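Accompanying notes for the structure given below.
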Amino acid sequence: MKNLIIALFLLASIPCFSQDTITTAKVQEYMDKEVCVVGKVVSFKLASEGKFTNYINIDKPYPESVFTVVITNNYLEKLNIKIEDLKDKTIFIKGKITTYKNDPKQIPQIYNPTSIVVKKE
């Protein structure tokens, strides 16, 4: 029984499982689904004074973005993440893929992901 509890704990602590981890090239196929996306942080935009929304561009910088992580300051604090530390790192982002309704390009995004984990090199 103790081994089963340890195994369940280890599985729960893994940020993403291989069968549900996708690249940014496939995000369009997973709209409105909860998945884990893997990609490299190439650029970001921090919330300006008085604002609370931050943007992390994965695999291609803005304005050529193919996938964006949109995250509020509150979620950054909750996940204990500094966006600046993610630059040029490969990360796993878990959450629901959507698009912003007023975005004419309809760039896929995850808004306030459930987890962001840096890939161990």
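The values are calculated or read from the model by the stated rules, or taken from the named source; none is laboratory data. Computed from a prediction, not measured in an experiment: that's the story for all the values here. As a convention, Cβ positions derive from the backbone with ideal geometry for all residues, glycine included, and neighbour counts pool all protein chains shown. What goes into the accessible areas is simple: the full protein's heavy atoms, side chains included, and nothing from ligands, DNA or RNA. Shrake-Rupley method; radii C 1.70, N 1.55, O 1.52, S 1.80 Å.
For the range 110-116, just list the computed ³J(HN,Hα) in residue order, Karplus coefficients 6.51, -1.76 and 1.60, θ = phi - 60°, integers in Hz, with x standing in for Gly and Pro.
10, 9, 6, x, 6, 7, 9
For labels at Thr21 and Lys51 in the simple 7 Å Cα→Cβ model, what's the distance in nm?
Distance between label points: 3.2 nm.
Once you put a point 7 Å from the Cα of Tyr62 and another 7 Å from the Cα of Tyr100, both along the Cβ direction, what distance in nm separates them?
The two pseudo-label positions are separated by 0.7 nm.
Given a 1.4 Å probe, how much area per residue of the range 43-97 is accessible, in Å²? Write out the running numbers ahead of the final one.
Working: 3310 Å² over 55 residues.
Computed with neighbouring chains in place, this is 60 Å² per residue.
Pairs Lys60/Lys96; Lys26/Lys101; Lys78/Lys105: which are spaced more than 28 Å apart, C-alpha to C-alpha? Please report the intermediate quantities before stating the final value.
Working: Lys60/Lys96 20 Å; Lys26/Lys101 20 Å; Lys78/Lys105 30 Å.
In this structure, Lys78/Lys105 lie more than 28 Å apart at Cα.
In nanometres, what is the gap between the two model label sites at Val118 and Thr72, each 7 Å from Cα along Cα-to-Cβ?
Label-label distance for Val118 and Thr72, simple model: 2.6 nm.
Taking Cα atoms of the range 24-121, Rg/Rh with Kirkwood Rh, to two decimals? Let's see the in-between values first.
Working: Rg = 12.4 Å, Rh = 13.4 Å.
My calculation puts Rg/Rh at 0.92.
Taking all protein chains in place and a 1.4 Å probe, what share, in percent, of the accessible surface of the range 60-121 do carbon and sulfur account for?
On the way: 1970 of 3930 Å².
Summing carbon and sulfur atoms, their accessible area is 50 percent of the total for the range 60-121.
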